[in-house]
Amino acid sequence: MSPKGSRYLHGTDPREQARLARLNDLINRASLAELGLRGGERILEVGSGLGQFARAMARLAGPSGHVLGIERSPEQLRGAMRAARGAGEARLVEWRRGDALALPLRRGEWGSFDVAHARFLLEHVPDPLAVVRAMARAVRPGGRIVLEDDDHDILRLWPEPAGLTPLWRAYIRSFDRLGNDPAVGRRLVSLLHEAGALPERNTWIFFGSCSGSPDFAAYVENAVGLLRGARRAIVGGGLLPAGEFDAALTAFDAWKRRPDAAFWFAIAWADGRRRGGRRIE
Ligand SMILES: C[S@@+](CC[C@H](N)C(=O)[O-])C[C@H]1O[C@@H](n2cnc3c(N)ncnc32)[C@H](O)[C@@H]1O
C-alpha cells in the first residue's frame with residue numbers, strides 16, 4: 001500500500017488526463033490575468049501536470065524568460081512533453097521530474113526564480129507548508145510565490161442535484177483519508193506567512209457557470225469526471241455505497257440539461273513575496 005500522501009487521488013489514466021486538459025482550457029485565462037506576467041521572468045511551476053499552464057506562462061515570459069516545470073508523475077510528464085511537441089512548443093518549457101516536497105533544484109537555481117507558482121497541488125500533499133517553504137527558497141529576495149488551490153467546502157449547486165451533497169462530502173473525506181487537506185485554499189495566506197514570506201494579496205478566481213452559458217456543460221462534465229475518477233477512493237474506502245455513488249453521479253450529469261441550473265465554485269488565490277535580502281531556509 002502506498003504511504004499516506006504519496007498517492008495522487010485523481011490518478012493519470014487517459015480519461016483523467018483529458019479532464020485535466022479541459023479544466024485548463026476553462027481556467028488558464030483567468031489565472032494568467034491574475035498572475036500579470038510582464039515578460040522576461042524566470043518561473044518555477046511546481047506540480048506542472050500536463051503543462052498547459054506552464055506553456056501559457058512561458059509564452060508570456062517570452063524568449064528572455066524561462067519556465068521550469070516540476071512534476072512527480074512520469075505519466076504526467078510524458079503527457080506534458082507530448083502535448084508540447086504536438087503544439088510545436090517542445091522547447092518552450094524545461095521539464096524536470098521531481099517531488100514538490102524535495103524540489104530537485106540545482107545549487108545555483110535556489111533563490112534565482114522571479115516567480116514560483118503552484119495550482120491544485122497543495123491539496124494533494126501531506127505537508128503543504130514544506131512545499132511553500134521550498135517555493136519561498138526557490139525565488140530570489142523579493143520574488144513572488146503564487147498559490148492557487150481548492151477549498152472544497154464552497155461548492156454550491158442550485159437546484160441541488162439529488163444525492164450530490166453526500167457524494168461531495170464523501171469526496172472531500174477522501175482527501176482526509178490520504179492525509180491531505182481538502183480545505184487548503186483558505187490557508188494559503190497563512191501558509192505564506194508561516195513559510196516566512198510576506199503575503200500581499202488574496203482573491204477568488206470564479207470557477208462557475210449556469211445554464212444558458214456556452215461553457216456550462218463543460219463545467220459540469222469536469223466535476224462529474226473528477227468524481228468518477230475518485231470512485232475507487234470513495235466507494236472502495238467505504239465513504240459511500242456504490243449504488244448511492246452511481247445514482248448521484250447520473251443525476252448530476254443529467255442536471256446539466258436543466259434550464260435553471262447554477263454551478264458556483266471558486267479557486268482560492270494568494271500571492272506573496274520572499275523577504276528582501278534574507279535567505280529563508
Ligand atoms: C490537479 S493536477 C494540477 C496540475 C497543474 N498544476 C494544473 O493546474 O493543471 C496536480 C498535479 O500535481 C502532481 N503532484 C501531486 N503530488 C506531487 C508532488 N508531491 N510533487 C510534484 N507533483 C505532484 C500530480 O501528479 C498532478 O500532475
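Since every read-out is calculated from the coordinates, none of them should be taken as a lab result. If you're wondering where the values come from, they're calculated on a predicted model, not measured in any experiment. Because the Cβ atoms are built from the backbone with ideal geometry, glycine has one as well, and the counts that use them run over all protein chains shown.
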For the chain the mean separation of alpha carbon contacts under 8 Å (6+ apart) over residue count, i.e. relative contact order in percent, is 22
Rounded to 5, the percent of DSSP beta bridges in region 14-273 classed as antiparallel | 50
Over the C-alpha atoms of the chain, what are the Rg and the largest Cα-to-Cα span, Dmax, in Å?
-> 18.8, 58
Have a look at region 1-89 and give its Rg and Dmax from the Cα atoms, expressed in angstrom.
-> 13.9, 45
Ranked by Cβ crowding within 10 angstrom, fewest neighbours first, how are 25, 151 ordered?
-> 25, 151
Semi-axes of the equivalent ellipsoid for region 8-161, Cα gyration tensor, largest first, Å | 24, 19, 16
Provide, as a two-decimal number, the C-alpha radius of gyration of region 79-137 over 2.2 N^0.38 Å, N being how many residues it has.
-> 1.29
Which percent of Cα-Cα pairs in region 128-281 sits in each 10 Å bin, short to long?
-> 11, 32, 27, 19, 9, 1
If we count trypsin sites (Lys or Arg not before Pro) as exposed when they sit in a DSSP loop and have at most 14 other beta carbons within 10 Å, what is the longest stretch of the chain that avoids them all?
-> 107-256
